[in-house]
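Trainee: If you scroll down you'll find the structure; I have some questions about it.
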Amino acid sequence: MDNIVFDNLKKLLDEKNMVSLHNEIIKLHKFDIANFIDELKSTEAAIVFRMLPKTEAADVFSYLDGDSQENLISAFTDEEVVEVVNDLAADDAIDMLEELPANAVSRVLKLADPDKRNQLNRFLRYPEDSAGRLMNPDYLKLKHNQTVKEALNFIRTNAEPGQILESFYVTDNTRILEGIVSLKTLILSDDDKKIIDVMETDFPFVSTDVDQEEVVHIFRDYDLLTLPVVDKEKRLLGFITVDDAIDALQEEATEDFEKMAGMSPSDRPYLKTSIFKHAKSRVVWLLVLMISGIINGGILERFEHAFIAMPILVTFMPMLTDTGGNAGSQSSTMIIRGMALNELKIKDIWLIVWKELRISVLVGAVLALTNFLRIYLMHPERIMVAIVVSIAMMFIVILAKLLGSILPLLAQALGLDPAIMAAPLITTVVDAIGLITYFLVAEAILGL
């Protein structure tokens, strides 16, 4: 929605010109209506939402951000809560419940129809960030002994407005998933053909406990629009749509990005997150990194005699530690990305180490040679210092890149998120190792 449209709608709302506002609102896409409501105060948001047609209200509600949903639920009468919740798709209702505080969740579940309440409680028992939480249970089942004509008539009779009709699932009488057939296939097939003759039997599916990250990989690998979800006995429970997979992808990417930046993940928008919560999400890792940085002070104290004897050594410390940290971050970022895209596994660790070793030797050699020439040209009388710095640079880059490639894999092996082994932590570890390497090389060559 552009600013001109928003300003016009806001002007009509401020002037209390509700008839004109209603006429303009219903022309908009549901997503744009939700964006408009998101920018309003609680009382104004409730006024605008109440003027929506009942057929569109639930869809608009599903597009709202968590704060707007919470404010509306608080402002709604019990009857309005029932209308919205019962009309929401199960996956959208679960998304809403995950954002609401406990008291609001209790109210929603208490007011929902018994069937809807049982459905939502069943969904909430699935693991967080799992396929079970993403799936939509509103599907149409076909039988393999139906003809194409019978199947199309069944779809026309039973399909509801807003229902996803891209693919249909073929089950037996106990809901065991047997096949899948697209609407396109049904339309292009002869009426008298049996569903068993046109359905696909080799297709991807997931169980309810599969992590949403794996779901995203399956959508990407198979170019899917929908993905069936089954239980342990392969009974069909629902399906996941590509738009839900995209939402999951965005959530996973945001979480990894925040962890790689040394912050606790948050699912709330930046401007709608309190200063306290922002500080809380950042300070923990900063404390960890600060305390670990004390180790560097201990290392400098241990080798104090070296830079007292030759103070010029101190001037190269920032360059060496920064280069080592950057080298390690490069490797860790590449490995974390490969793991996120399912391109790299723990079993590949030795192949990764061998590859990063060769890369680090080439990169380290270029950096070491460049530093040697720079120091020698600036300080011809300090040729031994140039040798020390260059050798230290070589070792630091090799160690940094090996650590950067190994630590994310080890994190996953220990059941941790590989993203935590990104720039801040890698840099801190490499700084300590780089300083030790530098002074050990200086002691060995200069005899300090």
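The values are calculated or read from the model by the stated rules, or taken from the named source; none is laboratory data. Keep in mind that this is a model prediction, so the values were computed, not measured. Every residue, glycine as well, gets a Cβ built from its backbone with ideal geometry; the counts of neighbours run over all protein chains shown. Please note that ligands, DNA and RNA were not included when accessible areas were found on the heavy atoms of the full protein model with its side chains. Shrake-Rupley method; radii C 1.70, N 1.55, O 1.52, S 1.80 Å.
Trainee: In degrees from 0 to 90, rounded to the nearest 10, what is the angle of the helix 148-158 Cα long axis to the longest principal axis of the chain?
Mentor: So the inclination is approximately 80 degrees.
Trainee: Express the relative contact order of the stretch 72-223 as a whole percentage, based on alpha carbon pairs under 8 Å and six or more residues apart in sequence. Don't jump to the answer; show the numbers that get you there.
Mentor: On the way: 165 pairs, mean separation 33.7, N = 152.
Taking the mean separation of contacting Cα pairs over the length of the stretch 72-223, I get 22 percent.
Trainee: Can you give me the angle between helix 3-14 and the longest principal axis of the chain, using Cα atoms only, in degrees from 0 to 90, rounded to the nearest 10?
Mentor: Taking Cα atoms only, the helix is inclined about 60 degrees.
Trainee: How large a share of the accessible area of the chain, in percent, is made up of carbon and sulfur atoms when the probe is 1.4 Å and the other protein chains stay in place?
Mentor: Working: 14110 of 23800 Å².
The C+S portion of the solvent-accessible surface of the chain is 59 percent.
Trainee: Below 8 Å, C-alpha to C-alpha, sequence gap of six or more: please give me the relative contact order for the chain in percent. Before the final figure, lay out each step's value.
Mentor: Working: 567 pairs, mean separation 48.3, N = 448.
Relative contact order for the chain comes out at 11 percent.
Trainee: While we're on this one: Per DSSP helix of 4 or more residues, -39500 (n - 2.57); summed, then divided by the residues of the chain. What does that give at 222 nm, rounded to the nearest 500? Don't skip to the answer; put the middle values down first.
Mentor: Numbers: 22 runs with 297 residues, N = 448.
So the helix-based figure for the chain works out to -21000 deg cm²/dmol.
Trainee: What accessible area per residue, rounded to a whole number of Å², is obtained for the stretch 331-432 using a probe radius of 1.4 Å?
Mentor: Details: 5130 Å² over 102 residues.
Accessible area per residue: 50 Å².
Trainee: Relative to the longest principal axis of the chain, what angle (0 to 90°, nearest 10) does the C-alpha long axis of helix 242-260 take?
Mentor: 30
Trainee: Still on this model: Pick from Val198, Val19, Val284 the residue whose mean-square fluctuation is largest in a GNM of the chain, springs joining Cα atoms under 10 Å.
Mentor: Maximum among the listed residues: Val19.
Trainee: Let me ask something else. May I ask which of Lys345/Lys401; Lys347/Lys401; Lys141/Lys193; Lys27/Lys149 have a Cα-Cα span longer than 27 Å here? Mind showing how you got there, number by number?
Mentor: On the way: Lys345/Lys401 18 Å; Lys347/Lys401 19 Å; Lys141/Lys193 17 Å; Lys27/Lys149 37 Å.
Listed pairs above 27 Å: Lys27/Lys149.
Trainee: Choose one answer from Thr333, Thr43, Thr321: the residue with the largest mean-square fluctuation in a GNM of the chain with alpha-carbon springs under 10 Å.
Mentor: Thr43
Trainee: Scan (1) 73, 54, 43; (2) 90, 62, 38; (3) 58, 47, 38 for the value of Cα extents along the principal axes in Å calculated from this model and give just the label.
Mentor: Checked against the structure: label (2).
Trainee: Go through the stretch 7-53 and name the trypsin sites (Lys or Arg not before Pro) that are in a DSSP coil and have 11 or fewer other Cβ atoms within 10 Å of their Cβ. All intermediate terms of the calculation are to be shown ahead of the outcome.
Mentor: Details: sites: Lys10, Lys11, Lys16, Lys27, Lys30, Lys41, Arg50; in loops: Lys16, Lys27, Lys41.
Answer by residue number: Lys16, Lys27, Lys41.
Trainee: Here's another thing I want to ask about it. In terms of Cα to Cα distance under 16 Å, which aspartates and glutamates are near enough to Lys194, apart from those fewer than 8 places away along the same chain?
Mentor: Glu150, Asp172, Glu178
Trainee: So, counting K/R as plus one and D/E as minus one, what does the shell of residues with Cβ under 14 Å around Gly364 add up to? Intermediate results must be reported in sequence, preceding the final value.
Mentor: Numbers: positive: Arg358, Lys401; negative: Glu356.
Value of the local net charge: +1.
Trainee: Between their Cα atoms, which of Lys116/Lys234; Lys10/Lys41; Lys41/Lys116; Lys110/Lys232 are more than 20 Å away from each other? Mind showing how you got there, number by number?
Mentor: Details: Lys116/Lys234 24 Å; Lys10/Lys41 11 Å; Lys41/Lys116 30 Å; Lys110/Lys232 30 Å.
Among Lys116/Lys234; Lys10/Lys41; Lys41/Lys116; Lys110/Lys232, the Cα-Cα distance tops 20 Å for Lys116/Lys234; Lys41/Lys116; Lys110/Lys232.
Trainee: How large is the accessible surface per residue of the stretch 78-153, computed with a 1.4 Å probe and reported in Å² as a whole number? If you can, show how the numbers build up before the last one.
Mentor: Values: 3570 Å² over 76 residues.
Ligands and nucleic acids excluded, the result is 47 Å² per residue.
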